[in-house]
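Nothing in this text is a laboratory measurement; each read-out follows from the coordinates by a stated rule. The model shown is predicted, which means the values in this text are computed figures rather than measured ones. Here Cβ is always computed from backbone atoms with ideal geometry, including for glycine, and neighbour counts include all displayed protein chains.
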Amino acid sequence: MLKKLIDKLVTNQEVATTSKRNLEEIKQGPIPEHVAIIMDGNGRWAKQRGLPRTAGHQAGVDSLKKIVECAAKIGIGYITAYTFSTENWKRPQSEVDFLMKLFQQVFEKELDRFNQQGVKVKIIGYKDRLPDSVKQVAEQVMKKTENNQKIIINIALDYGGRAEIIEVIKNIASRVKDEQLKIEEIDEAEIAAQLYTADQPDPELLIRPGGEERLSNFLLWQIAYAELYFTQTYWPDFTAETFLQAIADFQNRERRFGGLKEGRC
Ligand code: FPP
């Protein structure tokens with residue numbers, strides 16, 4: 001028993017030391033301003049442990065808290081986390097209900113921590129289809145954190161990339177119809193200004209844990225030039241260490257944006 005405890009303490013100590021060293025090293029390199037995360041693998045993580053899928057979502061909240069803290073420490077300005085997609089309504093009602101309660105609890109329970117850590121919360125997505133109780137606390141948490149400046153966390157809730165683009169098209173079409181905008185004036189900036197993430201830089205890095213390598217309708221416009229990082233690790237097992245690994249990987253990517261590397265012809 002005692003040995004187990006000591007082993008655990010030693011391991012934690014090692015992790016803490018490694019993280020610290022990595023953190024300092026990583027701060028020397030380019031830091032993405034905005035990181036998008038698809039928090040996948042919660043259900044499989046729980047199943048592996050003989051637990052209900054919902055236990056995986058619950059554990060996933062702790063991972064997100066750790067990652068936001070770590071992101072703020074290395075100077076990342078924005079995290080966008082995919083918590084519920086426009087397609088997730090198709091899940092069993094019991095899981096949807098659990099998730100809605102979980103969102104409500106997190107927004108209520110974590111408000112003080114968000115304010116202590118300077119976290120500004122923005123909820124992006126439809127909102128209309130959310131239960132009133134979730135809508136209310138969502139509005140409250142956004143209002144009560146609106147002046148925080150350390151890091152912005154976009155919680156994508158009932159979010160779909162295609163739905164977002166459809167809204168932009170409708171908006172632009174009606175402005176053209178009302179002669180407030182000319183067709184020739186429609187450009188990337190005009191579209192970006194209508195997105196939920198207007199006024200934010202596009203994510204330079206998208207992380208997807210859980211082993212699947214797809215985008216699942218997440219930030220389709222915004223990630224046009226993002227670096228993609230996939231890992232087998234399930235989201236509840238995703239630690240600050242894993243996060244720093246993804247950032248270190250990003251720092252080794254050559255970003256050309258369709259151009260050529262300097263000096264290459
Ligand atoms: C995907 O894993 C995860 C979700 C659909 C829910 C993620 C939500 C949270 C972690 C809660 C965060 C809450 C707040 C308010 C920030 P999955 O269920 O598809 O996993 P699987 O692929 O293993 O089945």
Worksheet item: Which whole-angstrom value gives the distance between the alpha carbon centres of the range 175-193 and the range 206-227?
Response: 27
Worksheet entry | C-alpha long axis of helix 53-74 to longest principal axis of the chain, angle in ° | 80
Fill in: Inter-centroid distance (Cα atoms) of the range 47-74 relative to the range 146-172, Å
22
Response to the item:
Low-density loop trypsin sites (Lys or Arg not before Pro), the range 78-109, at most 10 other Cβ within 10 Å, DSSP non-H/G/I/E/B, are none
Worksheet, complete the sentence: Calculated from DSSP helices alone, with each H run of at least 4 adding -39500 (n - 2.57) and the total divided by the residues of the chain, [θ]222 nm to the nearest 500 comes to -15500 deg cm²/dmol
Worksheet item: What is the helix-to-structure angle for 132-144, meaning the angle in degrees between its Cα long axis and the longest Cα principal axis of the chain, kept from 0 to 90 and rounded to the nearest 10?
Response: 90
Worksheet item: When only Cα pairs under 8 Å and 6 or more residues apart are kept, what is the percent relative contact order across the chain?
Response: 26
Worksheet, complete the sentence: note: the chain, Cα-Cα separations exceeding 30 Å make up a percent value of 33
